[in-house]
Each structure stands twice: as C-alpha cells, then as structure tokens.
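Note sheet for the following structure.
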Amino acid sequence: MSDANWYVVHTYSGYENKVKANIEKTIENRKLQDQILEVSVPLQEVVEVKNGVKKTVQKKMFPGYVLLNMYMNDDTWYVVRNTRGVTGFVGPGSKPVPLTEAEMNSMGINHTDEMLIEFELGDTVTVTSGVWENTQGVIKAINPHKQIVTINIDMFGRETPVEISFTDVKVEN
C-alpha cells in the first residue's frame, strides 16, 4: 500500500461538520480506521469586534471543504463520495488529486513530524489538564495521527473510555 495522502472534498456550504461526523461514523462502522486516518475541518481564530467588544471566535478556513488523510482505493473513494453532503473530490473529473507538500505546509496541516510517544498500551497515566484533570486511567488505545490516547476511567463504578490529547497526560511510575 502506498503512503496516505491528504485529499480535499467539496461539501454543501455549512455541512462541513456534518460531513466530518458522517465520515467518521462510517469509518467506525466499516472498520476503515487503517485506511481513512483523519477527517479535518481546519479552523482559524479570528478577532471580531461587535458593539465595541473584541471577541475571539473560531472560523472555518475553507468553507465548503473537508480535508481527509487517507489511502485512496475503491472502497475509501466510494465511502467518501457517497457520504451525504459531499458533492465530490477536488480534482479533474472523478479523479481525486492529493495535496502537495507545499500546499499542506502553507495550510499548517503537515503531520510528517514524527512524535516521540513516551507511553504505551496498558500504562497508567494521569490527566494533567481539562475536565478530567488529576484523573488516572489505563491506556487502551493510541492514535498517533490524531495525537490522542483512549484511557479507561472509573465513572459511577463503571469503566468508561475517554479520549485525551497526548499533551494532557503523563505516565505514572
């Protein structure tokens, strides 16, 4: 299998997040996690001034588009192309064209930097920030593409999986 590439999908305007959610659900249902690695709606922080009050808000960088990091094959093409809200891949005809290194770098989405992960499956970690701060859990899954770990925490007497960013966990010795 060749390397995964970033592709751009055109969507109905305002449907970007819905398309992202639908594709992620399909990935989960059809077990395509190893073929469609990441679905992204790039956001940027913009300062708006309304009634004399400055407010920082998140705006879509590319309204009407969703970015996908995936291995292109008949199955992945079909799944994405037939997702509700998707009008097609960006490229001539029905042939998707992957983004170049320069295009990815200019958008700030190039994830080619290898990250040194200091933990592994089964490690006990403590959450260092966010809602689950100071909560301990055991790592059940590691997703280097999204830079998250799934840990099981004890909530209401039950083991509950929670996704936490790499930067928000530290390994317990």
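The values are calculated or read from the model by the stated rules, or taken from the named source; none is laboratory data. No experiment lies behind these values; they were computed from the predicted model shown. Here Cβ is always computed from backbone atoms with ideal geometry, including for glycine, and neighbour counts include all displayed protein chains. We work out accessible area using only protein heavy atoms, side chains counted, and drop any ligands, DNA or RNA first. Shrake-Rupley method; radii C 1.70, N 1.55, O 1.52, S 1.80 Å.
Side notes on the structure shown:
- Condition check for P63: part of a loop (DSSP other than H, G, I, E, B), in contact with a helix residue (DSSP H, G or I) (Cβ under 8 Å, 6 or more places away or on another chain), open to solvent by 60 Å² or more (accessible area, probe 1.4 Å) and touching a residue at least 24 places away in the same chain (Cβ under 8 Å): yes
- Close Cβ contacts (under 6 Å, 6 or more residues apart or on different chains) running from residues in region 70-95 that are within 20 Å of L32 (Cβ to Cβ) to residues that are open to solvent by 50 Å² or more (accessible area, probe 1.4 Å) and of a type in the set (S, T, Y) comprise G85/Y12; G85/Y15.
- Residue among T87, T83 that is in contact with a His (Cβ under 6 Å, 6 or more places away or on another chain) and either over 23 Å from I148 (Cβ atoms) or assigned to a loop (DSSP other than H, G, I, E, B) (or both): T87
- Complete set of residues in region 120-173 that are of a type in the set (S, T, N, Q), touching a residue at least 40 places away in the same chain (Cβ under 8 Å) and part of a loop (DSSP other than H, G, I, E, B): T128
- Taken over region 11-30, the criterion of being open to solvent by 70 Å² or more (accessible area, probe 1.4 Å), modelled with pLDDT of 90 or more and not in a helix (DSSP H, G or I) is satisfied by Y12, Y15.
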